[in-house]
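Peer 1: Sending over a structure as structure tokens; questions will come in a sec.
The values are calculated or read from the model by the stated rules, or taken from the named source; none is laboratory data. Note that the structure is predicted; figures quoted are calculated from it, not measured. Counting neighbours? That spans all protein chains shown, and the Cβs are built from the backbone with ideal geometry, glycine included. The protein model used for the area step is the full one, side chains on, heavy atoms only, and it has no ligands, DNA or RNA in it. Shrake-Rupley method; radii C 1.70, N 1.55, O 1.52, S 1.80 Å.
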Number of protein chains: 2
Amino acid sequence: MKKLINKPEDVVKEELEGMALAFPELIKVHFEPNYIYRADAPVKGKVALISGGGSGHEPMHGGFVGMGMLDAACPGEVFTSPTPDQMLEAAKTVNSGAGILYIVKNYTGDVMNFEMAADMARAEGIQVANIIIDDDVAVKDSLYTAGRRGVGTTVLAEKICGAAAEKGYDLKQVAELCRKVNINGRSMGMALTSCTVPAAGKPTFDLAEDEMEIGIGIHGEPGRTRMKLKSADEITEMLALSIIEDEAYTRTVREWDLEREEWVDVEMTDPPFEAGDKVLAFVNSMGGTPLIELFIIYRKLYEICEKKGLTIVRNLIGPYITSLEMQGVSITLLKMDEEMVELWDAPVKTPSMRWGV
Amino acid sequence: MKKLINKPEDVVKEELEGMALAFPELIKVHFEPNYIYRADAPVKGKVALISGGGSGHEPMHGGFVGMGMLDAACPGEVFTSPTPDQMLEAAKTVNSGAGILYIVKNYTGDVMNFEMAADMARAEGIQVANIIIDDDVAVKDSLYTAGRRGVGTTVLAEKICGAAAEKGYDLKQVAELCRKVNINGRSMGMALTSCTVPAAGKPTFDLAEDEMEIGIGIHGEPGRTRMKLKSADEITEMLALSIIEDEAYTRTVREWDLEREEWVDVEMTDPPFEAGDKVLAFVNSMGGTPLIELFIIYRKLYEICEKKGLTIVRNLIGPYITSLEMQGVSITLLKMDEEMVELWDAPVKTPSMRWGV
């Protein structure tokens with residue numbers, strides 16, 4: 001295993017120590033339980049956004065803590081859900097009284113632990129809503145998932161909802177916006193190589209020198225198909241068309257009803273893309289793929305969107321939701337309305353996303 | 001060769017097409033000869049900064065074109081110097097009459113071609129100064145170099161001098177500042193893996209599964225030593241101490257004298273670091289190393305700087321000067337004075353470095 005680490009068991013702790021030293025003006029780090037929070041938390045009168053999940057996807061989520069995005073992030077061990085006590089303590093630290101939105105990627109452990117944390121926080125008098133992100137069109141169910149996995153749309157939801165909270169949206173409004181971002185976002189990824197979880201010490205899976213995996217998950221979960229390596233244009237087409245031609249997707253999601261104060265099953269449907277839509281195009285490195293290749297992908301993605309009548313009004317290109325050093329790429333398309341564009345453009349100041357300030 | 005590309009010979013062209021589509025409000029791309037330039041060039045009354053070099057180091061330099069940084073960047077083929085006609089045409093496009101500074105990394109081809117381009121531009125009535133960046137302490141001479149190689153300090157010089165030009169410094173002042181940044185910056189890198197140049201189709205060098213190369217160049221040139229893989233803390237210590245304990249380094253550099261209007265040999269010396277210095281600490285990924293590992297490196301670098309009496313007043317952590325998908329890291333320390341800190345903090349708006357606007 002070739003990594004720039006010390007002991008595998010210290011990776012997350014030392015990473016957090018490094019982050020705390022690097023960005024003292026933006027974030028603070030609490031250890032045991034581990035969470036990263038805004039240096040100026042709690043922010044008076046503002047709904048607080050908290051996300052979290054296994055480590056190994058950096059900069060998500062810790063790199064997105066700060067003005068205009070998250071109030072706190074709860075990192076688990078690599079590819080392992082954080083625990084409810086992390087989420088509860090983070091909520092208590094950043095709660096200003098305006099309530100908390102937990103943004104949860106759809107993996108069984110994350111969903112369960114964030115639900116439990118929400119119940120515990122409510123028992124302490126904190127208002128909490130949970131929104132689940134399930135945007136990966138590759139597979140219906142997966143190794144750690146009932147339903148679609150939560151991937152790239154999470155990054156976009158955190159930016160857009162973070163701006164809304166900053167602007168004064170109340171908890172119900174921020175939760176509704178987050179749901180809107182989720183149903184309008186779709187993603188799919190692929191891998192050229194596996195990654196190696198430090199504690200495992202060997203690659204999660206094997207791919208032959210001439211093979212790739214289409215529809216890979218961010219933990220290396222199996223995708224749709226394994227096939228011979230193709231050109232960047234062909235790969236982009238496979239990912240983009242799977243996203244653009246995905247049909248209306250309906251599922252039932254468990255959400256907390258803020259008015260009735262109980263868990264309810266909500267049926268919701270992702271509307272398909274249509275000619276005339278405005279989209280944000282997000283080309284994401286899985287960690288080990290350099291920028292030079294992402295631009296080649298973006299070039300083809302732009303052409304495909306144009307052919308399909310989709311106008312790219314904003315983009316994001318780089319490593320934002322990664323799988324350690326995995327080589328590969330994921331594409332996310334998010335159907336944007338004016339509200340979302342305005343919130344996307346709003347100032348943000350975090351370790352890994354920063355503009356306008 | 002596992003890469004997200006189409007034909008190896010189209011990599012740079014398609015990359016540039018992707019960049020042009022991605023950032024039309026910031027940059028324009030001219031093809032044949034290839035150069036990227038500010039969308040609002042020429043900027044009236046402002047000294048124009050131009051850099052360039054082989055592709056494969058993205059985001060350097062094209063990702064640094066925009067307000068507060070470069071006016072143009074000239075990309076060669078992967079790891080191959082751009083040609084004088086690219087540099088000349090870029091100069092003609094961005095020149096506003098206040099003159100041009102060529103920021104040149106110290107590689108034989110780059111130095112020669114930028115000199116030639118400067119002479120050609122002067123023949124057309126454009127004032128040009130050249131400053132060479134030679135900050136890599138690893139080796140004295142190298143595969144493509146007489147003297148030290150130009151690496152991480154280049155990124156910092158482009159940001160700081162870009163801000164100075166924006167602020168109204170004249171050509172002589174910007175050139176002097178660039179020289180000051182260069183002599184106060186020192187870098188060293190290491191690799192866990194090789195990279196593969198697309199046209200070559202196979203790794204530039206081989207490293208056994210338990211080996212690393214200390215002092216690697218950004219084109220995979222040999223460094224100081226090849227050894228068994230060590231821990232992140234030990235690697236950070238090797239790089240950081242090589243930089244911090246580097247003695248005064250004196251060499252003669254060929255520069256254009258703006259007053260005498262002739263090439264002159266200038267002797268200059270890099271002052272060693274001393275306890276009490278304020279520094280910018282730059283932890284750079286070689287392309288394939290993820291952020292999680294960079295923070296572990298930063299944590300140890302911070303501790304070492306503290307022990308040596310150096311105060312880190314600013315930092316930069318991420319992939320900024322890369323070697324395709326190489327796994328590895330480089331560290332740059334730049335001794336900062338108040339002028340440099342102020343210019344570092346000034347607004348910048350480029351594809352890959354953006355804050356304040």
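Peer 1: Work out, step by step, the length gained on full extension between residue A:268 and residue A:315: first 0.36 nm times the residue separation, then minus their alpha carbon distance; give nm to one decimal. List each step's numbers first, then the result.
Peer 2: Values: separation 47, 0.36 × 47 = 16.92 nm, distance 2.63 nm.
Answer, rounded to one decimal: 14.3 nm.
Peer 1: Of the beta bridges DSSP finds with both residues in the protein assembly as shown, what % are antiparallel, to the nearest 5? Don't jump to the answer; show the numbers that get you there.
Peer 2: Numbers: 80 of 128 bridges.
Around 60 percent antiparallel, to the nearest 5.
Peer 1: Return the sequence-ordered ³J(HN,Hα) values of the stretch B:304-312 in whole Hz as given by the Karplus equation 6.51 cos²θ - 1.76 cosθ + 1.60 applied to θ = phi - 60°, using x for Gly and Pro.
Peer 2: With coefficients 6.51, -1.76 and 1.60, one gets 5, 4, 4, 4, 8, x, 9, 9, 7 Hz.
Peer 1: Next question, about the same structure. Could you give the Stokes-Einstein D for the stretch B:171-234 in µm² per second, using the C-alpha Kirkwood radius, 20 °C, 1.002 mPa s? Show your work: numbers first, answer last.
Peer 2: Details: Rh = 14.1 Å.
Answer, rounded: 152 µm²/s.
Peer 1: Follow-up question, since we're still on this one. I'd like the interface area for chains A and B: accessible area of each alone minus the complex, both sides summed, 1.4 Å probe, protein heavy atoms only. What is it in Å² to the nearest 100?
Peer 2: Numbers: alone 14480 and 14480 Å², together 24220 Å².
What A and B bury together is about 4700 Å².
Peer 1: Set the Förster radius R0 to 41 Å, insert the Cβ-Cβ distance between residue B:227 and residue A:230 as r into 1/(1 + (r/R0)^6), and round the FRET efficiency to 0.05.
Peer 2: Values: r = 38 Å, r/R0 = 0.93.
Once the sixth-power term is evaluated, E becomes 0.60.
Peer 1: Would you please give the residues with an amide H less than 5 Å from that of residue A:128, counting only those at least 5 places away or on a separate chain, with H modeled from the backbone geometry?
Peer 2: A:100
Peer 1: Here's something else I'd like to know. Could you give the accessible area per residue of the protein assembly as shown, probe 1.4 Å, as a whole number in Å²?
Peer 2: Ligands and nucleic acids excluded, the figure is 34 Å² per residue.
Peer 1: How long are the three semi-axes of the equivalent ellipsoid for the stretch A:58-106, computed from the Cα gyration tensor as the root of 5 times each eigenvalue, in whole Å, largest first?
Peer 2: 18, 14, 9
Peer 1: For the stretch B:21-67, which residues drop by 10 square angstrom or more in accessible area between the chain on its own and all protein chains together (1.4 Å probe)?
Peer 2: The answer is B:21, B:22, B:23, B:58, B:59 - residues whose exposure falls by at least 10 Å² when every protein chain is included.
Peer 1: Write out the trypsin sites (Lys or Arg not before Pro) in the stretch B:229-272 meeting two conditions: DSSP loop, and at most 12 other Cβ atoms within 10 Å of their Cβ.
Peer 2: Here the trypsin sites (Lys or Arg not before Pro) that fit, given the DSSP loop and packing criteria, are B:260.
Peer 1: Taking every eigenvalue of the Cα gyration tensor of the protein assembly as shown, multiplying by 5 and rooting it, what semi-axes result, largest first, whole Å?
Peer 2: Ellipsoid half-lengths, sorted descending, are 41, 27, 25 Å.
Peer 1: Right, something else. Skipping prolines and chain starts, which residues have an amide H placed within reach, meaning under 5 Å, of the one on residue B:320, given they are 5 or more residues away or on another chain?
Peer 2: Those lying under 5 Å, H to H, from residue B:320 are B:285.
Peer 1: Which whole-angstrom value gives the distance between the alpha carbon centres of the stretch A:287-353 and the stretch B:51-66?
Peer 2: The stretch A:287-353 and the stretch B:51-66 have Cα centres spaced 20 Å from each other.
Peer 1: Moving on. Over 23 Å between C-alpha atoms is what I'm after, so list which of A:3/B:349; A:3/A:159; A:44/A:180; A:230/B:13; A:308/A:335; B:228/B:300 land there.
Peer 2: Pairs exceeding 23 Å: A:3/B:349; A:3/A:159; A:44/A:180.
Peer 1: Still on this structure, I have one more. Please check the stretch B:186-206 for residues whose accessible area, probe 1.4 Å, is lower by 40 Å² or more when all protein chains are in place than in their chain alone.
Peer 2: B:192
Peer 1: Here's something else I'd like to know. In whole angstrom, note down how far apart the Cα centers of the stretch A:175-206 and the stretch B:238-270 are.
Peer 2: The two parts, judged by their Cα centres, are 47 Å apart.
Peer 1: Let me ask something else. Viscosity 1.567 mPa s, temperature 4 °C: what is the translational diffusion coefficient of the stretch B:146-263 from Stokes-Einstein with a Kirkwood Rh over Cα pairs, rounded to a whole number of µm²/s?
Peer 2: Calculated translational D: 76 µm²/s.
Peer 1: Hey, how many Å between the Cα centroid of the stretch B:76-111 and the Cα centroid of the stretch A:1-18?
Peer 2: Going from one Cα centre to the other spans 40 Å.
Peer 1: HN-Hα J couplings of the stretch A:318-324 from phi, Karplus 6.51/-1.76/1.60, θ = phi - 60°, integer Hz, Gly and Pro as x?
Peer 2: These are the phi-based 3J(HN,Hα) values: x, x, 10, 9, 10, 10, 6 Hz.
Peer 1: Could I ask something else about it? Check each of the GluC sites (Glu not before Pro) in the stretch A:24-129 and keep only those in coil by DSSP with at most 12 other C-beta atoms within 10 angstrom; list them in order.
Peer 2: On the way: sites: A:25, A:77, A:89, A:115, A:124; in loops: A:25, A:124.
Hits after loop and neighbour filter: A:25, A:124.
Peer 1: Counting only protein heavy atoms, what percent of the accessible surface of the stretch B:282-352 is carbon or sulfur at a 1.4 Å probe?
Peer 2: The value for the stretch B:282-352 is 44 percent carbon and sulfur by accessible area.
Peer 1: A further question on this structure: For the stretch B:242-301, place one equal point scatterer on every Cα, skip the solvent, and apply the Debye formula. What is log10 of I(q)/I(0) at q = 0.24 Å⁻¹?
Peer 2: Taken in order of the listed q values, log10 I(q)/I(0) reads -0.99.
Peer 1: Continuing with this model, one more query. Once the principal axes of the Cα atoms of chain B are found, what is the range along each, listed largest first in whole angstroms?
Peer 2: Projected onto its principal axes, the Cα set of chain B covers 54, 50, 39 Å.
Peer 1: I'd like the FRET efficiency for residue B:275 and residue B:339, computed as 1/(1 + (r/R0)^6) with the beta carbon distance as r and R0 of 22 Å, rounded to 0.05.
Peer 2: It comes out at approximately 0.55.
Peer 1: If you don't mind, there's one more thing I want to ask. Pull up the cross-link candidates among the aspartates and glutamates for residue B:7, meaning alpha carbon to alpha carbon under 15 Å and not fewer than 8 places away within one chain.
Peer 2: A:233, A:234, A:293, B:15, B:17, B:77
Peer 1: Pop a pseudo-label 7 angstrom from the Cα along the beta-carbon direction at both residue A:124 and residue A:44 and give the gap in nm to one decimal.
Peer 2: 2.3
Peer 1: Using θ = phi - 60° and the Karplus curve 6.51 cos²θ - 1.76 cosθ + 1.60, what whole-Hz ³J(HN,Hα) does each residue of the stretch A:147-164 get, with Gly and Pro shown as x?
Peer 2: x, 6, 7, x, 9, x, 4, 4, 4, 6, 5, 5, 5, 5, 6, x, 5, 5
Peer 1: When the accessible area of the stretch A:55-193 is computed with all protein chains present and a 1.4 Å probe, what percentage of it is carbon and sulfur? Provide the component values of the computation, followed by the final result.
Peer 2: Details: 1950 of 3540 Å².
Within the stretch A:55-193, the accessible surface is 55 percent carbon and sulfur.
Peer 1: Debye sum, Cα scatterers, the stretch B:1-68, no solvent: what log₁₀ I/I(0) at q = 0.12, 0.17, 0.18, 0.21 1/Å?
Peer 2: Log10 of I(q)/I(0), two decimals: -0.34, -0.65, -0.72, -0.94.
Peer 1: Straight-line reach only, C-alpha to C-alpha below 18 angstrom: list the aspartates and glutamates that residue A:140 could link to, leaving out same-chain residues fewer than 8 apart.
Peer 2: Excluding near neighbours in sequence, the set is A:110, A:213, A:221, A:245, A:246, A:247, A:267, A:270.
Peer 1: Tell me which A residue has its C-beta closest to the axis rotating A onto B, and the distance in Å?
Peer 2: Nearest residue, distance rounded to whole Å: A:288, 2.
Peer 1: Something else: Of the GluC sites (Glu not before Pro) in the stretch A:231-338, which ones lie in a loop per DSSP and count no more than 16 other C-beta atoms within 10 Å?
Peer 2: Numbers: sites: A:234, A:237, A:245, A:247, A:255, A:259, A:261, A:262, A:267, A:274, A:293, A:303, A:306, A:325, A:338; in loops: A:245, A:247, A:259, A:261, A:274, A:325.
Counting only loop positions with at most 16 other Cβ atoms within 10 Å, the GluC sites (Glu not before Pro) in the stretch A:231-338 are A:245, A:247, A:259, A:261, A:274.
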